[in-house]
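Structure first, then comments.
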Amino acid sequence: MNIPFVDLGTQHRELEEELLGAVASVVESCQFILGDELSSFEDEFARYCGTAYCVGVANGTDALHLSLRALGIGPGDEVITAANTFVATAFAVAHVGAQAVLLDVEPDGCNIDTSLIERAITERTKAIIPVHLYGHPAEMDDIMAIARAHGLKVIEDACQAHGARYRGQRVGTFGDVACFSFYPGKNLGALGDGGAIVTDDSELAERLRILRHCGQSAKNVHPMIGYNSRLDTLQAAVLRIKLRHLDRWNERRRAAAKLYSELLAGAGLTLPVEQPSSEHVYHLYVIEHEQRDALLAQLATKGISCGIHYPLTVNEHEPFKDAKTFPDGAPTARARSRRILSLPMSPHISDEQIRTVARTVMQFGRG
Ligand SMILES: *Cc1c(COP(=O)(O)O)cnc(C)c1O
């Protein structure tokens, strides 16, 4: 029995009729760019997150890039983020000509070590991008207090954390803006690329709408240099259907994670930690093992597909070799990147599949 890393097939078979119906209705309407379907999705996603506005964009990377642009961040500015994120977070900073400053990971969690932030702030620092990595919210109380004290903007990278809560409140509602990706494997995924930005700031939302739509505020009026970065109407129609299932899917992810953690307890593995402040939505279920590569190979021989998120820290990639890091080289993130392993996880994984994966991990531990 092969166990996929993410089971999109079962999800899509369950919703096939509804999804194909939504696609057919967009095809029938011939409204492929902007339009009612997109604005309805934007209203529904804003309501889901608990924000006043949502602006659909082409992908999560653009969501971050356009947010930085809309906040006026550019050349000469520094933006603080995590060393152990997906490279796209740092790419967005580079796209506006600013410098990404990369902070190490907290010793007992997966997110940015907030005790390092003040040390990294200079007169050039303009913003912080906390990443809610793996679906676990970053320590937003600390981050918002520091940001307020230093007059910094906060852009939440919530690309892996749709629906996660911090102190009972959804991620996406803490910073000035928050960015989401609807890449197919994310907790809310389109049938292709997609992204969104949520905010309570009406002027910022308006600027983002102009930026994503060719810098156009009205027909033939282009007040700023814009991008072609709209969320496709077809994808918006698909996302409206999937959004109705997101809370149920996240509950199933949490139950799957709980079962993994029960089965893997006591084997000397490092398992994911859920802070009391947070409700983790387990985009990824990440364990640590001293012989990660051998374990990965063993799982593969049993037909179990895993991932590594991420095998290198951002500063180990060529474009960020000279980026400032705190502490130098982000040693904790770097050491951990050699030990981490993401086990199969999606709302459609069965308990039997989880038991098979756990058994294989435990057998390796003993062998
Ligand atoms: C997926 C992801 C992105 C980028 O989103 P795309 O839609 O793939 O452009 C950015 N940051 C994080 C943390 C992500 O997981």
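The values are calculated or read from the model by the stated rules, or taken from the named source; none is laboratory data. All values derive from a computational prediction rather than experimental measurement. For neighbour counting, all protein chains shown are included, and Cβ atoms are generated from backbone atoms with ideal geometry for every residue, glycine included. These area figures cover heavy atoms from the full protein model, side chains too; ligands, DNA and RNA do not enter into them. Shrake-Rupley method; radii C 1.70, N 1.55, O 1.52, S 1.80 Å.
Side notes on the structure shown:
- Amide H contacts under 5 Å for Gly185, placed H, 5+ residues apart: none
- GluC sites (Glu not before Pro) within region 79-158: DSSP coil, no more than 10 neighbouring Cβ in 10 Å: Glu123
- Cα gyration tensor, the chain - rounded (a/c under 1.5), prolate or oblate: oblate
- Projected onto its three principal axes, the C-alpha set of region 254-367 covers 46, 35, 26 Å, listed from the longest axis down.
- Student exercise, the chain dipole from Lys, Arg, Asp, Glu Cβ charges, in Debye to nearest 20: 480
- Three-way shape call for region 110-188 based on the alpha-carbon gyration tensor, with the a/c threshold at 1.5: prolate
- With protein chains left intact and a 1.4 Å probe, residues in region 1-112 average 41 Å² of accessible area per residue.
- Inter-label distance, nm, simple model (7 Å from Cα along the C-beta direction), Phe5/Asn220: 5.0
- Scaled radius of gyration (Cα, divided by 2.2 N^0.38 Å) that region 1-117 gives: 1.44
- Placing +1 on the Cβ of every Lys and Arg and -1 on the Cβ of every Asp and Glu, with no other charges, gives region 272-367 a dipole of roughly 300 debye about its Cα centre.
- Treating each Cα of region 130-276 as one equal point scatterer and applying the Debye formula with no solvent, the log10 of I(q)/I(0) at q = 0.08, 0.09, 0.10, 0.12 Å⁻¹ comes out as -0.30, -0.37, -0.45, -0.63.
- For region 295-367 versus region 49-81, the inter-centroid distance based on Cα atoms is 28 Å.
- Under 20 Å from the Cα of Lys324 - lysines, other chains or at least 8 residues apart: Lys126, Lys153
- Relative contact order (%) - the chain, alpha-carbon pairs under 8 angstrom, separation at least six: 23
- Region 102-124 and region 188-243: distance between their alpha carbon centers, rounded to Å: 31
- Using the Karplus relation 6.51 cos²θ - 1.76 cosθ + 1.60 with θ = phi - 60°, the per-residue 3J(HN,Hα) values for region 295-300 come to 5, 4, 5, 5, 4, 5 Hz, with x marking Gly and Pro.
- Taking Arg355, Arg253 and ordering them by how much accessible surface each has at a 1.4 Å probe, largest first, produces Arg355, Arg253.
- Whole-Hz couplings from phi, Karplus 6.51/-1.76/1.60, listed for region 327-341; x for Gly and Pro: x, 3, x, 6, x, 5, 4, 5, 5, 5, 4, 8, 10, 7, 8
- Paramagnetic label zone (point 7 Å from Cα along Cα-to-C-beta, Ala52; backbone N under 19 Å) in region 157-188: 170-179
- Max mean-square fluctuation residue, GNM over the chain, Cα-Cα springs under 10 Å, options Lys324, Lys219, Lys186: Lys219
- P(r) weight above 22 Å for region 192-293, C-alpha pairs, percent: 57
- For the chain, calculated [θ]222 nm from helices alone, where every DSSP H run of n ≥ 4 adds -39500 (n - 2.57): -12500 deg cm²/dmol
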